[in-house]
Amino acid sequence: MIRLDLTGLNCPLPVLKTKKMLSNVETGAQIKVITTDPASMKDLQDFCKKTGHKLIEQKNQNGVIHTIIERQ
């Protein structure tokens, strides 16, 4: 699994960098996106709904958001 550490970045950078990373991996690949911007939780959910990528898991651990996305 590819780890994408985007801690400290604010909207819209987490979504933009996630989109770029997903465009560079094969279908079925999973990436773990780590963010600290509270808005990124919903932003990444919306991104997956709009693009068709699969949101595997998302959790907030003490302000650090871990999101696993599978490229479709």
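The values are calculated or read from the model by the stated rules, or taken from the named source; none is laboratory data. Keep in mind it's a predicted model, so treat the numbers as computed, not measured. Areas reflect the complete protein model, heavy atoms only, side chains present, ligands, DNA and RNA absent. Shrake-Rupley method; radii C 1.70, N 1.55, O 1.52, S 1.80 Å.
What angle, in degrees between 0 and 90 and rounded to the nearest 10, separates the Cα long axis of helix 39-51 from the longest principal axis of the Cα atoms of the chain? Taking the Cα atoms of the chain, the angle to 39-51 is about 20 degrees. Over segment 1-70, Cα pairs under 8 Å with separation of 6+ residues give a relative contact order of 36 percent. By how many degrees, 0 to 90 and rounded to 10, does the Cα axis of helix 13-23 deviate from the longest principal axis of the chain? For helix 13-23, the angle is close to 20 degrees.
For the chain, what % of the accessible area comes from carbon and sulfur atoms, probe 1.4 Å? On the chain, the fraction of accessible area on carbon and sulfur atoms equals 50 percent.
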